[in-house]
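**Student:** Handing you this structure, nothing more for now.
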Amino acid sequence: MNKKLNTVLFVLAATLINLIIMAIFFTVSLVLLSLLANPESSLMPLFIGLVFLVSIGGTYWVYTIMVKWISSKYPVEEYLAPLFKRKKTTRPPGGEIK
């Protein structure tokens, strides 16, 4: 396999894992909300929105820790192509960039 295919597979696997972690966080937070809050409350839409934001934040936190751990344990730069390349600036014959 080449670096581009490895990168595509890594991004697809990371996205799938990210969605699974988000579903777990959302489900656990929603269960906790149903146990702790009154379902008749008029603030329930606000609480559900907060549960959604907590699940996004928690997912980002866990995902960041996982990527740092994988990067420190395995040499991923050797197997993955860079996702973003820097643009090279071209200089005109006069030497100034316009």
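Throughout, read-outs are computed from the coordinates displayed, never taken from laboratory work. Since we're looking at a predicted model, the values are computed, not measured. Positions of Cβ are generated from backbone atoms using ideal geometry, with glycine treated the same way; all protein chains shown enter the neighbour counts.
**Student:** If Met1 passes every condition in (1) surrounded by 10 or more Cβ atoms within 10 Å (Cβ to Cβ); (2) closer than 24 Å to Lys85 by Cα but one, which one does it miss?
**Tutor:** The number of the failed condition is (1).
**Student:** A further question on this structure: All but one of (1) exposed (fewer than 12 other Cβ atoms within 10 Å of the Cβ); (2) under 30 Å from Met1 (Cβ atoms); (3) of a type in the set (Val, Ile, Thr) hold for Val31; state the number of the condition that does not hold.
**Tutor:** If we test Val31 against (1) exposed (fewer than 12 other Cβ atoms within 10 Å of the Cβ); (2) under 30 Å from Met1 (Cβ atoms); (3) of a type in the set (Val, Ile, Thr), just (2) comes out false.
**Student:** If you go through the range 2-54, how many residues are within 30 Å of Tyr74 (Cβ to Cβ), out of contact with any Leu (no Cβ under 8 Å at 6 or more places or on another chain) and either among the basic types (Lys, Arg) or not in a helix (DSSP H, G or I) (or both)?
**Tutor:** Residues flagged as within 30 Å of Tyr74 (Cβ to Cβ), out of contact with any Leu (no Cβ under 8 Å at 6 or more places or on another chain) and either among the basic types (Lys, Arg) or not in a helix (DSSP H, G or I) (or both) within the range 2-54 amount to 2.
**Student:** Name the single residue that is surrounded by the most Cβ atoms within 10 Å (Cβ to Cβ) among those in the range 55-88 being in a helix (DSSP H, G or I) and aliphatic (A, V, I, L, M).
**Tutor:** Val62
**Student:** Suppose we keep only residues that are under 25 Å from Thr64 (Cα atoms) and aliphatic (A, V, I, L, M) within the range 34-51. Which one would you say is surrounded by the fewest Cβ atoms within 10 Å (Cβ to Cβ)?
**Tutor:** Step by step, filter the range 34-51, then rank; the result is Leu50.
**Student:** Note down all Cβ pairs under 6 Å where the first residue falls in the range 17-34 and is over 11 Å from Ser55 (Cα atoms), the second is β-branched (Val, Ile, Thr) and part of a helix (DSSP H, G or I), and they're at least six residues apart or on different chains.
**Tutor:** From the range 17-34, the pairs are Leu33/Val51.
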